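To start, the structure under review is shown below, and the notes come after it.
The values are calculated or read from the model by the stated rules, or taken from the named source; none is laboratory data. Computed from a predicted structure; not experimentally measured. Glycine gets a Cβ as well: all are built from the backbone with ideal geometry, and neighbour counts include every protein chain shown.
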Amino acid sequence: MSLQPDLPGGGSVPLAAAPAAGYARRSFWYKAWRELKRAPVTAWIGLAIVLIYVIAAIFAPLIAPYSETAEVGGAYDPWSDQFLLGTDQLGRDMLSRLIYAARNTVGIAFLTTILAFLIGGVFGLLSATLGGWVDQLLGRAVDVLMAIPQLIFALVLLSIVGTSVINLILIIAVLDSTRVYRLSRAVAMNIVVLDFVEAAKLQGEKLGWIISREILPNILPPLVAEFGLRFCFVFLTISALSFLGVGIQPPTADWGSMVRDNATLINYGDITPLLPAGAIALLTVGVNFLVDWFLHKASGLKE
């Protein structure tokens, strides 16, 4: 094999190493593109919807015609060339606030979902792997949390500790992690009894190695699919709490509070309050399209 001797420090590496790494990267993107080309129309629709929301969230200051808090017109100005979707009760541009709400609602929901999976996934894997009193203790704690309706529990806790963004993320993440715990424990229980996990234990492998190398790779498909579903439930919960006045607080733009603030326009036949509600529904549909396709691919079923 040819070697390249002139490296810093006098070392040498196979010339084929760099091309091999490049080929691996190209192979990954080629496989991803090949799978996308085979995807059904619903998956493409879901991907397009999610990409539109992501672009709106990232580039909101560049896309929105006005600031999310700027009072640029009169109260409830109708749709016009200046205000494409009219204004709200304070004269703020509705289109701009819809775009900024994508950053606020979706961004907070994404962070909350990640934290929920970290909490629920770690404890679920520990519960399945260790068993015994650890499994019993964690299982009973989760049962207690799940016995109380999540929205009511979150409403009470936020009323007690305050309605900051940090409190909102922490409370919803802890409450939603119970569902992640149940799923991760259930799928991990089917793996920990298999021979290769028992062999790793007999070889003296550490707990972290067994979980990360033996169990987690074999339960990723259902967890990834659950991440999409949990994300939908989380931002629906955040929107519901904002509608009730204890979620994302003014003047920050949020779809739930926008529905509440402009609900009176429905009495006059104006559909403006339905726009943020439609934004919530459209994102839910898009994410579910992608989750359905991923579950189908992970199941191994033929098209």
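Scanning segment 258-286 for residues that are in contact with a Gly (Cβ under 7 Å, 6 or more places away or on another chain), assigned to a helix (DSSP H, G or I) and modelled with pLDDT under 90 gives no hits. Within 20 Å of the chain's Cα centre (by Cα) and within 22 Å of SER164 (Cβ to Cβ) - does that describe any residue in segment 284-303? Checked segment 284-303: no residue is within 20 Å of the chain's Cα centre (by Cα) and within 22 Å of SER164 (Cβ to Cβ).
The rows are residues; the columns are (1) under 23 Å from LEU295 (Cα atoms); (2) in contact (Cβ under 8 Å) with a residue 12 or more places away in the chain; (3) surrounded by fewer than 19 Cβ atoms within 10 Å (Cβ to Cβ).
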site: LEU36; (1), (2), (3): yes, no, yes
site: ALA48; (1), (2), (3): yes, yes, yes
site: THR69; (1), (2), (3): no, yes, yes
site: GLY74; (1), (2), (3): no, yes, yes
site: ASP77; (1), (2), (3): no, yes, yes
site: ASP81; (1), (2), (3): no, no, yes
site: ARG92; (1), (2), (3): no, yes, no
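Right, ASP254: surrounded by 15 or more Cβ atoms within 10 Å (Cβ to Cβ), under 23 Å from PHE110 (Cα atoms) and charged (D, E, K, R) or not? In short, yes. Scoring ILE191 on the criteria (1) modelled with pLDDT of 85 or more; (2) not in a helix (DSSP H, G or I) leaves a single failure, condition (2).
For THR252, the conditions (1) in a helix (DSSP H, G or I); (2) closer than 19 Å to ARG92 by Cα; (3) in contact with a helix residue (DSSP H, G or I) (Cβ under 9 Å, 6 or more places away or on another chain) are fulfilled apart from (1). So, LEU115, is that one modelled with pLDDT under 90 and part of a helix (DSSP H, G or I) or not? No. Taking ILE166, is it modelled with pLDDT of 90 or more, exposed (fewer than 15 other Cβ atoms within 10 Å of the Cβ), closer than 30 Å to GLN249 by Cα and not basic (Lys, Arg)? Yes, satisfied. Inside segment 27-74, residues that are of a type outside the set (A, V, I, L, M, F, W, C), within 27 Å of ASP88 (Cβ to Cβ) and more than 21 Å from the chain's Cα centre (by Cα) make up a count of 9.
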